[in-house]
Structures are given as C-alpha cells and as structure tokens.
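Quick note: the coordinates plus some simple rules give every number you see, no bench work behind them. Everything numeric in this text was worked out from a predicted model, so none of it was measured. Neighbour counts are summed over all protein chains in view; Cβ atoms, including those assigned to glycine, are modelled from backbone coordinates with ideal geometry.
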Amino acid sequence: MLTAAVLVPLVGAIALALWPRASERTARGVGVVTTLVPLVLLIVTWGRFEAGASDPFQLVERIEWIPQLGASFAFGVDGIGLAVAATAALLFVVAVVYPADTRGRPRQYVAWFLFLDAVSLGLFLTVDLLLFYVFFDLSLVGMYFLISSWGHGDPKRAALKFFLYTLAGSLVMLLGVLAIYLGTEPRTFDMAEVIAQQPLAGEATRAGLALLALMIGLGIKSPVVPFHTWLPPAHVDAPGPASTILAGVLLKMGTFGMIRLPYAMLRDSFQRWAFVIAVVAVISIVYGALVAFGQRDLKRRIAYTSVNHMGYTVLGVAAAGALIGGDEAARELALTGATVEMVAHGLITGALFLIAGSFWQRGGEYDLDAYGGLAGQAPKLAGATTIAAFASLGLPGLAGFVAEFHVFVGTFSVFPVLAAVGLLGILITAALFLQVLQELFLGDLPDRWRGFPDLVPREVSALGVLLALTVLIGVWPGWLLDVVRDGTAWLVGS
Amino acid sequence: MPVEHVVPEIAVVIGAAVVLVVAMFTRRARQWVNAPLALLTLAAAAGFTIDVAINGSPLTTMHASWAVDPVTHAARLTILGATAIAVVLAPEWLRRDPRHGEYYGVLLLSALGAMLMAGAADTMELVLGLLLASITGYTLAAYHRGSAASVEAGMKFFLVGGLANVALITGVVLLFGVTGTTGYEHAAMALDGASRPVLVTAVTLITVGLAFELGAIPAHTWMPDVAEGAPAPAAAFLTVVPKIGALVGLARLLSILPEPQVGWRPLVAVIAVMTMTLGNLAALWQDDVRRLLGWSSVSQSGYGLMAIVAIGHSDRAIPALITFLIAYALANLAAFGVVVELRGRTAIADYDGLARARPWLAAVLVVAFLSLVGIPPLAGFVAKLELFTATIDAGYAWLAIAAVLNTVVSLFYYLRVLGPAYTAEAPRAVPVLGRWAGIGAGVAAAGLLTVGLLAGPVSRGLEGAPLLP
C-alpha cells in the first residue's frame with residue numbers, strides 16, 4: 001500500500017508526460033486524482049498504524065534491488081515518517097489545485113509536481129538507506145525543472161544555483177551514507193538493521209567524519225546557516241505552488257534526514273556533537289529572523305523565516321540527541337516538538353507561499369512597499385494571511401505554538417542558555433509578521449489596487465484546508481502527538 | 001589450441017572479413033546491407049560469449065596469453081553491445097559516402113582490438129590489441145576524406161597515438177627485459193627480484209600507452225578533437241569502445257604487480273584525479289556540444305580509473321569497473337546518438353528550445369547527461385555508487401571526495417546544454433537524420449534506465465571475481 005502511494009503519482013507523471021493532447025483541465029484533473037490517492041492511502045495507513053508496536057518500522061514492504069549491496073525498494077512507516085509524509089501528500093494536492101500561470105505547458109507543469117510527489121513520499125516512507133539517497137537526489141531534478149521553466153525574475157540562475165548547491169550537499173551526504181554502510185556487518189542498507197547495529201560506534205574519528213558529511217549534506221537541504229544562501233533566490237523566483245513544495249516538503253527532507261540518519265544511526269557521535277549542532281541551530285534561528293526582518297520583498301521575507309523555523313527543528317533534534325540515557329522525558333518533548341514543527345511549518349509556510357503566489361498573480365510584484373490598505377478590498381485574503389502569519393509567529397491556539405512550545409520546553413532542561421537565546425527568534429518573528437500585515441492590509445489603498453480581486457473559490461478551499469488543520473493542531477494536538485510520540489519514543493530509548 | 005575459448009573473437013574476425021568482401025562487390029546504394037551483417041556478427045559473438053560464460057570456468061588459454069574470466073565476458077559483452085549501437089547510428093549518416101560498406105568492417109576490427117586488450121594476459125597480446133584499436137581508430141576518425149575537420153581529427157589522433165604506442169612498446173620491452181617473459185602469470189613470479197627503477201619506468205610507460213586509448217592524462221588530447229571532428233557516429237564509437245578495452249587491460253596488468261616494489265595505486269589515483277579535474281575544467285566553457293562531450297569523456301576516464309585504484313583492496317572494485325563501463329558506454333552513445341540524429345548540429349545555442357521541437361531527443365539527452373552526472377535511478381548512479389564504495393573501502397576516501405567535487409562541477413556544464421534546451425523558445429525547424437539514429441540513441445537511453453533499475457543482475461557474479469591470471 002505504501003508502495004502504491006509512491007507509484008500512483010509517478011504513473012500519473014509519466015502518463016501526463018506521454019499524453020500530448022492533454023488540456024489544462026485534464027492535466028489538473030489527473031493531478032488532483034493522482035495526488036489524492038496517496039493522501040487517502042496515508043490516511044488509511046494512519047488508521048492501521050499501531051501505537052506501541054515493538055518494531056520501529058511498521059507495514060514494511062520490500063522488493064530486492066541490488067542484493068549484492070543489500071539494497072532494496074523497501075517502504076515502511078514510523079510515527080515521524082507517517083506524520084511528515086501525510087503533510088507532504090496534503091501539500092501536493094493543494095499545490096496542484098492552486099492557480100498559477102503554466103505558460104501554455106500545463107501538462108509538463110503538473111507532471112513535474114506529480115514526479116516530486118512520488119519522490120517526496122518515497123523519501124519519507126522508505127526504510128532503505130540507499131533508496132533514501134536516491135529520492136533525496138531526485139527531488140533536485142524535479143525542482144530544477146519547475147523553477148527554471150515556470151519561474152520568474154532570473155529563474156535559470158536561481159535554478160542552477162539551487163541544483164549545484166544542493167547536489168553538492170547530497171553527494172557529501174552520499175559519502176557519509178557510504179561510510180555508515182561500510183561500517184555495517186554484514187553490509188546492508190536496511191535502516192532498521194543499520195540502526196540496530198550502530199555502525200562505527202567504537203571509532204570516534206570515522207564516525208565524526210561521517211556525521212560531519214551527513215550534517216553538511218542535510219544542513220544544506222534544511223537549510224541551516226551558513227548553508228542557506230541558495231534558498232532566497234530559489235524561493236523568490238519559483239512559482240508560488242513550487243515554493244510551497246520547496247518550503248513545505250523539500251526542506252523537511254533535510255531535518256527528517258537528520259532524525260533518520262545521523263541521530264538514529266550514529267548515536268554516540270551525535271551525542272558528542274549535539275551541543276555544536278544546537279549552537280548552529282540557534283544561530284539559524286536568530287540570524288534567519290533578523291535577516292527576514294530586513295527584507296522588503298514579501299517572498300524573500302517568508303523564505304528567511306523558513307531558515308528560522310528549520311532552526312527550531314534542528315534545535316529540537318540536537319537537544320533530543322544530547323544526553324542519551326537520561327532525562328528521557330525532556331528529550332522526547334524536544335524531538336516531538338521538532339517533528340510537529342515540520343508538520344506545522346509545512347502547513348503554515350505552505351499557506352504563506354501560496355498567498356505570496358496569489359499576490360504575484362494579481363500584482364506582479366512582491367515589494368511590500370507597493371501594497372497597502374488591502375484589508376477592505378480583499379477581506380478573505382487578509383483573513384487567510386492573518387491566520388497564517390499568527391500561526392507562523394507562534395500564537396497559542398495554532399500549530400506553530402504547539403511545536404515551538406515542545407521544542408523549547410525540551411531544550412530548556414538540556415541547553416538552558418541556548419533555549420533562552422533561541423526565544424529571541426520568536427520575538428523577532430512576531431515583529432516582522434505584524435509589520436507584514438500592517439504594510440499589506442492597513443494604511444491607504446494605492447489607486448492602482450482599486451480593482452484588486454479577492455481570493456477565488458479554488459484559492460479559498462486550498463488555503464482553507466491548510467489553515468483549518470493549523471487551527472485543529474493548535475487546539476487539539478492529541479491525534480497528531482500520539483502518532484508522533486510513537487516514533488520518538490524508541491528514538492530517545494524509553 | 002583450445003579454440004572454443006576465443007570463439008567470440010573469431011566470430012568478429014570472420015564477420016569483419018565477410019563485411020569487407022561484401023562491400024567490395026555491392027553497388028553503392030546497397031552498401032547499407034553491411035550494417036545488418038555487422039549486427040548479425042555482433043549478435044553471434046555475444047551469443048558465443050554467453051555460452052562460454054555459462055559453460056566454461058575461469059582460466060587462461062592460448063599458452064596463458066589470454067584470460068577468459070567473468071571480467072573478460074562482461075567486457076566482451078559491453079564492447080559488442082556498444083559497437084552494435086554505434087553500428088545503428090551509422091547507416092543514415094554515411095548513406096552518401098563512397099566507402100559506406102567498408103566502415104562496418106573497420107568498426108568490427110576496432111572492436112576486436114578492444115576485446116583483445118580486455119582479455120590480454122600477455123604483454124604482446126596487449127600490444128596487438130592496442131595497435132589494432134589505434135590503427136582502425138585513425139581510419140574511423142578521418143573517414144570523411146573531404147572534411148578538413150575530420151582529417152585534422154584523424155591526424156591529431158595519429159600523432160598522439162604514435163607517441164603513446166611507442167611508450168607502450170618500450171614499457172613492454174623493459175618489462176620483458178627484467179622478467180624474461182611476456183606472459184603475466186610468469187612475469188608476476190619473476191617480478192620479486194626485478195630491478196625497481198626499471199620496473200617503475202616500465203609500468204609508467206605502459207600506463208601512458210594505455211592512457212592514450214583511455215583518453216586519460218597525459219595522452220588525452222585527441223579526445224576533444226576526435227569528438228568534434230570525426231564523423232559523429234565514429235566519434236560515438238571512438239570515445240567509448242577503445243576505453244572499455246584499455247581500462248580492463250590496464251586493470252589486469254597492474255593487478256599482477258607487487259605493491260611494495262611498484263606503488264602503482266597512488267600513481268593511478270593521481271592520474272585519476274588529474275584526468276577528471278582537467279576534463280571537467282576544460283568542458284566548463286565549451287560552446288560546442290561535441291567538444292564538450294569529448295572533454296566530459298576525458299573526465300569520465302578519471303572516474304573509471306578509481307575502480308583500478310581499489311582493485312585487490314575492495315571486493316566491490318570489479319563490479320564498480322564493469323558497471324562504470326556499461327553506464328559510461330550507454331550514456332555517451334546516447335548523447336552522441338542525439339548529435340547524430342540532429343545531423344551533427346553542435347553549437348550549444350543550436351540546442352535552445354530542443355524540448356519543444358523534439359521532446360523525445362531532449363529527453364534522451366537529459367537521461368544521458370544526468371546519468372553521466374550520476375543522478376539516480378540511472379545506470380550512472382549505480383556506477384558512481386559502486387566506485388565511491390570501492391574507493392572508500394580501499395582506504396582512498398580522498399579520491400572519492402575529489403570525485404564528488406568534480407561531479408558537482410560537471411553538473412554545471414551539462415546544465416548549460418540542458419537548461420536552454422528546456423527553457424528557451426523553440427527554433428523554427430529542427431531537421432533530423434532518420435529513424436535508425438534515433439532508435440540507436442533511444443535504445444541507449446532506455447538501457448541507462450533499465451540498468452539503473454535492475455542493477456542487481458548486472459553485477460551479479462562479479463563480486464570478488466578473480467582477475468586472471
């Protein structure tokens with residue numbers, strides 16, 4: 001069933017690529033159907049998921065690929081993977097539905113989204129280390145073509161920078177993966193087996209180098225400072241729905257990978273370096289927030305808040321990995337927070353980028369100074385933006401708060417000083433989002449926006465789903481936390 | 001004489017002879033019949049190879065001058081398959097050439113040279129194979145007598161080749177001098193007492209000689225010229241097939257050398273890094289797709305040499321060598337196949353908007369280039385994975401890091417072609433050559449996908465396979 005969740009969008013992508021006469025309507029239709037199937041399958045999986053099962057990965061399906069290397073096409077779920085994969089599946093449905101200028105090539109546009117859908121779900125659902133790398137790498141190809149073909153501004157340059165930068169990251173990660181693989185006995189890429197073996201456990205230097213390689217690779221993707229410079233141009237020049245996927249799904253691959261690979265597979269080494277990783281995370285939090293505050297471009301500003309939010313996630317992971325064998329409750333809180341942050345950031349920033357895309361569709365620019373007083377002109381847009389912005393700055397009652405609360409409570413008992421510094425990030429984010437709301441919707445309405453249209457039904461329903469879930473997680477997080485905790489429990493060793 | 005071990009080579013010789021005779025007695029309009037004849041020959045040779053591979057056991061034959069082991073079989077099949085695709089690319093390109101029929105004969109003989117190099121367990125056979133591959137190679141490069149570029153390519157190929165052949169022969173003579181034998185098996189035993197300086201000189205000279213066919217430093221300079229100037233189907237063949245023979249031949253020769261005496265691993269590692277780096281840097285700003293492919297072939301030789309560095313130190317080295325050769329051959333043939341099908345159009349700017357005008361050809365080009373970069377799930381990914389695993393396993397992690405850096409650089413120039421092909425507006429018309437060249441390119445691209453997805457069976461039986469003698 002999990003295999004089908006990966007294959008159905010892939011089949012849809014191939015079908016659209018080979019179907020020369022498909023109109024925009026058909027293309028979107030195929031897109032919606034083939035992105036809904038995995039979403040439904042994952043919801044069913046959510047129902048079949050057993051909390052407290054003894055194996056870390058459940059519902060595993062496996063077909064051999066390169067038996068000599070011990071690599072296979074294998075899929076399975078744990079609580080963390082399931083939560084992130086379901087978020088990704090939802091975001092793809094929304095991204096395919098959301099209006100954007102397809103430049104006369106709707107077929108290819110939707111096909112690349114479906115390809116990315118298959119790749120992303122594959123990455124979150126796979127339990128094979130090599131396959132994880134395969135999907136990690138393939139995500140670059142899909143996003144490269146989306147940005148370079150349907151972007152605006154200077155898309156070729158942004159797409160090239162994105163591809164080169166992240167390919168460098170993924171290849172460095174490959175070296176780390178191979179170092180882990182060569183340390184296993186018998187050699188295998190099976191994640192459950194690798195985690196059980198804890199390869200390189202006795203070799204501090206080699207394990208440290210493998211950890212460094214993995215963290216650089218995953219850090220570029222997340223991105224954490226100082227590896228974030230590819231992010232702003234890629235986001236600004238990508239079409240709105242592609243930004244949503246980039247921020248909501250692709251960035252998660254980095255942080256999700258941190259939990260799956262270095263955290264789980266190199267525990268000793270991760271513990272030794274956890275403080276350094278936490279420091280880098282705090283730098284990302286504060287620096288990301290400060291730089292975001294300095295941007296006058298709506299999309300750039302949202303892009304930099306992603307650096308800030310991914311910092312929370314990394315901080316949570318680092319805190320959880322800091323003290324293996326003590327204070328399990330706090331570490332579990334931190335790791336749960338990190339996972340919920342991935343879900344929350346996917347929903348919230350996904351929505352924010354869709355909103356930015358709507359501004360581009362209507363106004364053709366992202367400059368904050370160009371807009372103003374739109375609250376009366378476009379009340380639905382104003383409402384949606386307000387909820388998303390408040391969620392992003394961590395207002396209680398919304399998903400971002402649940403995530404950040406867990407992260408900071410967990411971190412306080414491990415790294416109190418770092419947690420205190422990290423709180424600054426929330427403060428700055430609050431200021432910058434309030435400023436965004438003020439500049440976009442309050443003040444005088446410039447004459448050129450007198451005819452500014454409000455959200456169309458398709459936009460309302462897409463944003464509505466994302467924001468409704470944000471509120472739902474905010475007021476009743478239990479259903480999500482139960483599943484996530486099941487994944488974090490075995491990772492903190494309780 | 002146990003002839004049955006070398007039936008595949010004999011089949012190719014007979015096929016080449018038949019093709020040459022048929023070419024002599026056929027009208028010009030009918031000369032294309034030699035293409036199917038050549039394909040038939042290659043298929044027969046492949047059939048015999050599979051038969052020997054299944055029913056025979058690894059051994060050296062013909063007075064221990066010839067190794068018949070799993071690596072030889074794999075190399076033979078790769079050479080035969082690559083030559084078959086090169087044959088399919090040719091008929092439409094050479095339709096009006098007065099010597100169309102003979103082309104396939106020369107092609108078969110050149111492939112035979114590569115097969116000899118791959119199986120050589122005796123320095124004299126190695127020389128024989130290299131000379132056969134070189135001489136036929138010069139002919140193929142300069143096949144368009146009327147084209148200045150083609151003749152120039154052939155001439156440069158010949159000049160570099162002449163020097164490299166002399167280096168190889170001198171090295172072989174020196175090796176004979178210190179060991180008193182040409183066979184690897186006996187030479188390996190006689191090496192312990194050999195004079196070290198002479199041995200090192202001999203090995204260096206032999207490596208230089210083979211680096212020529214390989215397109216590796218320091219005898220790589222012909223590669224971009226041949227890629228640019230030779231007839232495009234011949235360029236596809238020359239950048240691929242001799243390299244297969246040379247890489248396997250070099251691996252076999254070096255693996256007999258005693259390491260304490262001749263530190264050949266670091267030497268090959270340094271050549272590998274220099275080759276991949278130089279090839280990539282030179283390819284960066286090429287505005288000619290064929291030259292770019294030529295330089296990329298140089299850099300790919302560097303990756304291939306990584307497998308040789310690991311031989312004997314990692315049981316993944318042999319699978320890495322073979323998967324690399326298969327992946328490289330298919331990717332390069334696919335890329336050149338697109339050039340052939342586009343009637344040799346070669347400026348990067350000519351590829352703008354190709355995706356709208358000729359979506360299938362653009363897709364083949366994407367598959368070929370991304371496989372050369374090593375993007376999964378294409379064959380090139382499996383090759384790089386095996387190469388990295390083998391080199392790290394053998395304790396040469398720095399070599400793997402150098403290869404990673406080079407891979408990132410290489411993505412840049414491949415995207416210089418692919419990016420505009422997808423984003424630019426479509427040009428007015430993009431004429432193509434015909435059906436067969438397109439099929440050749442398409443088959444190679446499909447092969448890249450198949451080998452990537454079914455990588456398991458490809459390298460089965462090669463793990464820890466002995467490299468004879």
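The table that follows gives values for the structure above.
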{"read-out": "Estimated translational D of the range A:298-429 in µm²/s (Stokes, Kirkwood radius over Cα pairs; 37 °C; 0.692 mPa s)", "value": "210 µm²/s"}
{"read-out": "Largest to smallest principal axis extent of the C-alpha atoms in the range B:38-93, angstrom", "value": "43, 20, 16"}
{"read-out": "Cα-only radius of gyration and Dmax that characterise the range B:267-379, units Å", "value": "15.4, 49"}
{"read-out": "Volume per residue of the C-alpha convex hull in the range B:387-469, rounded to whole Å³", "value": "176 Å³"}
{"read-out": "Debye intensity ratio in log₁₀ form over the Cα atoms of the range B:292-331, taken at each q of 0.15, 0.26 Å⁻¹", "value": "-0.35, -0.83"}
{"read-out": "Helical contribution to [θ] at 222 nm, DSSP H n ≥ 4, -39,500 (n - 2.57), averaged over chain B, rounded to 500", "value": "-24000 deg cm²/dmol"}
{"read-out": "Relative contact order (%) - criterion: Cα under 8 Å, at least six apart; region: chain B", "value": "17 percent"}
{"read-out": "Equivalent ellipsoid semi-axes, the range B:253-298, via Cα gyration tensor eigenvalues times 5, rooted, Å", "value": "32, 10, 4"}
{"read-out": "Orientation-averaged projected area, Cα convex hull of the range B:113-190 (nm²)", "value": "5.0 nm²"}
{"read-out": "Shielding of A:144-150 by partner chains, average beta-carbon count, 10 Å", "value": "3"}
{"read-out": "Whole-Hz couplings from phi, Karplus 6.51/-1.76/1.60, listed for the range A:7-12; x for Gly and Pro", "value": "6, 4, x, 5, 4, x"}
{"read-out": "Isotropic mean projected area of the C-alpha convex hull, the range A:1-101 (nm²)", "value": "8.1 nm²"}
{"read-out": "Rounded if a/c under 1.5, otherwise prolate or oblate - the range A:52-91, Cα gyration tensor axes", "value": "oblate"}
{"read-out": "Nearest-0.05 FRET efficiency for B:Glu259 and B:Glu463, computed from C-beta distance (R0 22 Å)", "value": "0.50"}
{"read-out": "Summed side-chain charge close to B:His5 - residues other than B:His5 whose Cβ falls under 12 Å, Lys, Arg +1, Asp, Glu -1", "value": "-3"}
{"read-out": "Of A:Lys161/A:Lys221; A:Lys221/A:Lys299; A:Lys156/A:Lys380, pairs whose Cα-Cα distance is over 23 Å", "value": "A:Lys156/A:Lys380"}
{"read-out": "Distance histogram in 10 Å bins (all Cα pairs of the range B:1-128, percent per bin)", "value": "14, 43, 28, 13, 2"}
{"read-out": "Against the rule of thumb 2.2 N^0.38 Å, how large the Cα Rg of chain B comes out", "value": "0.91"}
{"read-out": "Share of pairwise Cα separations in the range A:77-167, more than 19 Å, in percent", "value": "46 percent"}
{"read-out": "Shielding of A:64-72 by partner chains, average beta-carbon count, 10 Å", "value": "6"}
{"read-out": "For the protein assembly as shown, average projected area of the Cα convex hull in nm²", "value": "38.5 nm²"}
{"read-out": "Globularity ratio of chain A, using Cα Rg and 2.2 N^0.38 Å", "value": "0.91"}
{"read-out": "Reachable aspartates and glutamates, given that their alpha-carbon falls under 18 Å from the alpha-carbon of B:Lys156 and they are not under 8 places away in the same chain", "value": "B:Glu213, B:Asp225, B:Glu228"}
{"read-out": "Cleavage-rule hits, trypsin sites (Lys or Arg not before Pro), the range A:254-348, DSSP coil, Cβ neighbours within 10 Å at most 13", "value": "A:Arg296"}
{"read-out": "Compactness relative to 2.2 N^0.38 Å, alpha carbon Rg of the range B:113-247", "value": "1.11"}
{"read-out": "For the range A:363-492, alpha-carbon Rg and Dmax in angstrom", "value": "18.2, 59"}
{"read-out": "Under 18 Å from the Cα of B:Lys384 - lysines, other chains or at least 8 residues apart", "value": "B:Lys243"}
{"read-out": "Net charge of Cβ neighbours under 15 Å - reference A:Ile220; Lys, Arg +1; Asp, Glu -1", "value": "+2"}
{"read-out": "Descending semi-axes in Å of the range B:198-306, equivalent ellipsoid built from Cα gyration tensor", "value": "27, 14, 10"}
{"read-out": "Mean ellipticity per residue at 222 nm, deg cm²/dmol - from DSSP H runs of n ≥ 4 across chain A, formula -39500 (n - 2.57)", "value": "-24500 deg cm²/dmol"}
{"read-out": "The range A:385-429 - Rg over Rh from alpha carbon coordinates, Kirkwood radius", "value": "1.02"}
{"read-out": "Viscosity 0.692 mPa s, 37 °C: Kirkwood-radius Stokes-Einstein D of the range A:229-363 over Cα pairs, µm²/s", "value": "214 µm²/s"}
{"read-out": "Rg/Rh for the range A:197-296, where both radii come from Cα atoms and Rh is the Kirkwood radius", "value": "1.05"}
{"read-out": "Distant alpha-carbon pairs in the range A:305-370 (separation over 19 angstrom), percent", "value": "49 percent"}
{"read-out": "Radius of gyration and maximum dimension Dmax of the range A:256-325, Cα, Å", "value": "13.9, 46"}
{"read-out": "If the convex hull is drawn through the Cα atoms of the range A:450-492, its volume per residue in Å³", "value": "108 Å³"}
{"read-out": "Summed residue charge, Cβ within 12 Å of B:Pro70's Cβ, Lys/Arg positive, Asp/Glu negative", "value": "0"}
{"read-out": "Amide N of the range A:166-209 lying under 18 Å from the label point, which is placed 7 angstrom from the Cα of A:Arg62 along Cα→Cβ", "value": "A:181-182, A:184-199"}
{"read-out": "Descending semi-axes in whole angstrom, ellipsoid equivalent of the range A:150-240, from the Cα gyration tensor", "value": "34, 13, 9"}
